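Student: Here it is: the structure, laid out below.
The values are calculated or read from the model by the stated rules, or taken from the named source; none is laboratory data. All values reported here derive from a predicted model rather than from experimental measurement. Positions of Cβ are backbone-derived with ideal geometry, glycine not excepted, and every protein chain shown enters the neighbour counts. Side chains included, ligands, DNA and RNA excluded: accessible areas come from the protein's heavy atoms. Shrake-Rupley method; radii C 1.70, N 1.55, O 1.52, S 1.80 Å.
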Amino acid sequence: MEQLVNDLTQFIHANQEWAGLILGLMTMGESLLIVGIAIPATAIMLVVGGLIGSGTVEPLPVIGWGILGAIIGDGISYYIGRWLGPQIIHRWPLNRQKRAVARARLFFYKYGMLSIFGGRFLGPLRAVIPTVAGIMKMRHWRFQVANIASAFVWVPVMLLPGYLTARSIGSLGSNGGNASIIISSVLSVVIAVWITLVVIRKRRTRPTDQ
């Protein structure tokens, strides 16, 4: 995994024009059922965020690719669950991920549509919750609203630490720069945690979103 991250990082540095497409593939892969476990999207997003902060790459195309990849990845996971139904839970490889599936089902039962949004920020559940939503026959439009909205928030938040760190390093004054690095890192974590807590604490009055 570490070698893959290093290789991708070197490639992106040498071929900045490919940064957007690579980020899109990473965010899509990390949102795919099972496959997402092996995709180091978070590390690559830190690298790309740093390139944006240093002015090496244009932010809008890169962010756009990242959002598109995340939306497609969650969408594929959702339709896998919708097409295959409950039987997929009892087949490999999900039959070996019973704990993760149980947590995802409980999360979905408790928070419904909001679980799609919040699950985007919960690594172990990120790719499982959309599949559970598909299995539970969640309405297409409800899923897609949460899918798209969460992608528009998740990608910038994940790029933020690298971006702010690069901007801080490039600023004048080592003392001010070091302080800015600490502040920016803390800020990015606080934003992600705050979003997740808001989603988790907002319980829906209805038991399901069907």
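Student: Can you give the FRET efficiency to the nearest 0.05 for Val35 and Gln144, using r as the Cβ-Cβ distance and R₀ = 25 Å?
Tutor: Working: r = 21 Å, r/R0 = 0.84.
The pair Val35/Gln144 has a calculated efficiency of 0.75.
Student: Counting only heavy atoms of the protein chains, get the accessible area per residue of the range 1-130 (1.4 Å probe) and round it to a whole Å² value.
Tutor: 49 Å²
Student: Now a separate question. I need the trypsin sites (Lys or Arg not before Pro) found in the range 73-160, filtered to DSSP loop residues with at most 11 other beta carbons within 10 Å of theirs.
Tutor: Arg91
Student: Using the alpha-carbon centroid of each, what span in Å lies between the range 131-167 and the range 8-64?
Tutor: Here the two parts' Cα centres lie 15 Å apart.
Student: Apply 1/(1 + (r/R0)^6) to the Cβ-Cβ distance of Lys137 and Thr42, taking R0 = 30 Å, and write down the FRET efficiency to the nearest 0.05.
Tutor: That gives a FRET efficiency of 0.45.
Student: Starting from the Cα-Cα distance between Ala100 and Leu84, subtract it from 0.36 nm times their residue separation and give me the gain in nm to one decimal.
Tutor: The span from Ala100 to Leu84 would gain 3.9 nm if fully extended.
Student: Right, next: Report the calculated FRET efficiency for Ile169 and Phe11 (r = Cβ-Cβ distance, R0 = 25 Å), to the nearest 0.05.
Tutor: 0.70
Student: Another question, if that's okay. Going highest first, how would you order 52-64, 6-18 by mean Cβ packing within 10 Å?
Tutor: 52-64, 6-18
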